[in-house]
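The values are calculated or read from the model by the stated rules, or taken from the named source; none is laboratory data. Predicted model only: the values in this text are computed from it and were never measured. So basically every Cβ, Gly included, is an ideal-geometry build from the backbone, and we count neighbours across all protein chains shown. When the accessible area is computed, the model is the full protein with side chains, heavy atoms only, and any ligands, DNA or RNA have been set aside. Shrake-Rupley method; radii C 1.70, N 1.55, O 1.52, S 1.80 Å.
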Amino acid sequence: STDRKKRSVCRAYKQYSSGRQTLANLSERYRKSVRTLRRNFDRLEFSSLKQTISSAPVALTFDATFFGRGYGLLVYRAEGKNIYWQEIVSERISDMENGLSHLISLGWKFSSITIDGRKGTILLIKRLFPEMPIQLCLFHQKAIVRRYLTGHPKTPCGCAIKNLAAEILSLSETDFLARLQNIYDTYAGFLKERNDLGQFKHRRLRSALRSLRSNAPFLFTYKRHPDIFIPHTTNSCDGSFAHWKNKVRIHRGLSKERRAKMIGFLLSNP
């Protein structure tokens, strides 16, 4: 029957996308040519993601990932599930605003929002949700510092900044701010050194410190609100991204349309 055939095709596609089965493997298993399997897969249509909208506010986490130049996903997660995603070509604030507005229109309410720290995101959330607790992903903050300093800073000032960022998970907000100020005080003269052109010599160190200082109000939100669960990282998203990319990587050479279909299936069936 038509329904039985569709279930068989869906089952084969699940083994293809979620498992490690190639078209050649499935061709042998189902006794269908690769061309026939590909044609059947192309005809498949999946219903859009359906989630039961929580009546209580949820802790929202969202982040973006890219599967190649010009093709990425902005994924919103809550309660360990994907509640919405958008296809994007770049990580634009307007895309985030559209996504958040869509979730609001569906009836979602948020107790907190955890983000990766992209410029403009905090301003957007403050505009849409003036009283919302905002948590900046601590792992992203550590990565920002690492990009400025590299993994092996050579100066005492760089080492002090690296150690502070590395210990951020174990520090209280008070201790963090005290140590940050101590670095500024201890290395004030060093950080103000200029070259013959009048430019600051240690611009990357200054940028790392500026990042820690400007983001400080959003690094310890999860500790300021112990009465609600606030994820302090976007690992829920990042772990899923790695999983989906590994699946897609198995089937290299997919057209953009087939890749988008596979990713959509994986997001709907985590």
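If you place +1 on the Cβ of every Lys and Arg and -1 on the Cβ of every Asp and Glu, how big does the dipole about the Cα centre of the stretch 1-138 come out, in debye to the nearest 20? Show your work: numbers first, answer last.
Details: 24 positive and 12 negative charges, 218 e Å.
Result for the stretch 1-138 is approximately 1040 debye, rounded to the nearest 20.
Give me the percent of accessible area attributable to carbon and sulfur for the chain, probe 1.4 angstrom.
50 percent
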Label-point gap, in nm, between residue 52 and residue 201 - each point 7 angstrom along Cα→Cβ:
6.4 nm
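Can you sort 89, 58 by 1.4 Å-probe accessible area, starting with the largest?
Numbers: 89 90, 58 5 Å².
Descending order: 89, 58.
Suppose R0 equals 25 Å. What FRET efficiency, 1/(1 + (r/R0)^6) with r the Cβ-Cβ distance, do residue 224 and residue 186 give to the nearest 0.05? Walk me through the intermediate numbers first.
Values: r = 28 Å, r/R0 = 1.11.
According to the calculation, E is roughly 0.35.
Between residue 35 and residue 86, take the C-beta separation as r, use R0 = 25 Å, and let me know the FRET efficiency to the nearest 0.05. Before the final figure, lay out the partial values.
On the way: r = 33 Å, r/R0 = 1.31.
Plugging the Cβ-Cβ distance into 1/(1 + (r/R0)^6) gives 0.15.
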Measure nothing but the geometry: give the 0 to 90° angle between the long axis through the Cα atoms of 156-166 and the longest principal axis through the Cα atoms of the chain, rounded to 10°.
40 degrees
To make sure I understand the rule: partners must be lysines, Cα under 29 Å from the Cα of residue 81, and not fewer than 8 residues away in the same chain. Which ones qualify?
6, 14, 50, 109, 119, 126, 142, 223, 245, 247, 256, 261
With label points built 7 Å along Cα→Cβ from the Cα atoms of residue 25 and residue 150, find their separation and express it in nm.
4.2 nm
Checking rank on 99-108, 70-79, with mean other Cβ inside 10 Å and highest first, the result is 70-79, 99-108
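Which of the GluC sites (Glu not before Pro) found in the stretch 162-222 are loop residues per DSSP with 13 or fewer other Cβ atoms within 10 Å of their Cβ? Display every interim value, and only then the final one.
Details: sites: 167, 173, 193; in loops: 167, 193.
Filter output for the stretch 162-222: 167, 193.
Pulled fully out, how much extra length does the chain show between residue 169 and residue 127, if you take 0.36 nm times their separation in residues and subtract their Cα-Cα distance? Could you put the intermediate results ahead of the total?
Values: separation 42, 0.36 × 42 = 15.12 nm, distance 2.82 nm.
Extra length from residue 169 to residue 127 when fully extended: 12.3 nm.
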Point-to-point label distance, residue 258-residue 193, nm (Cα→Cβ direction, 7 Å offset):
5.7 nm
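In Å², what does the accessible area per residue of the stretch 1-131 work out to with a 1.4 Å probe?
Values: 7720 Å² over 131 residues.
Spelled out: the 1.4 Å probe surface of the stretch 1-131, per residue, equals 59 Å².
Could you rank 67, 220 by how accessible they are, 1.4 Å probe, largest area first? Numbers along the way, then the final one.
Working: 67 30, 220 0 Å².
Reading off the accessible areas and sorting them downward yields 67, 220.
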Classify the chain: rounded, prolate or oblate, from the alpha-carbon gyration tensor (a ≥ b ≥ c, eigenvalue square roots; a/c under 1.5 rounded; otherwise prolate if a/b is larger than b/c)?
prolate
Mean-position separation - Cα centroids, the stretch 58-136 and the stretch 23-41, in angstrom:
38 Å
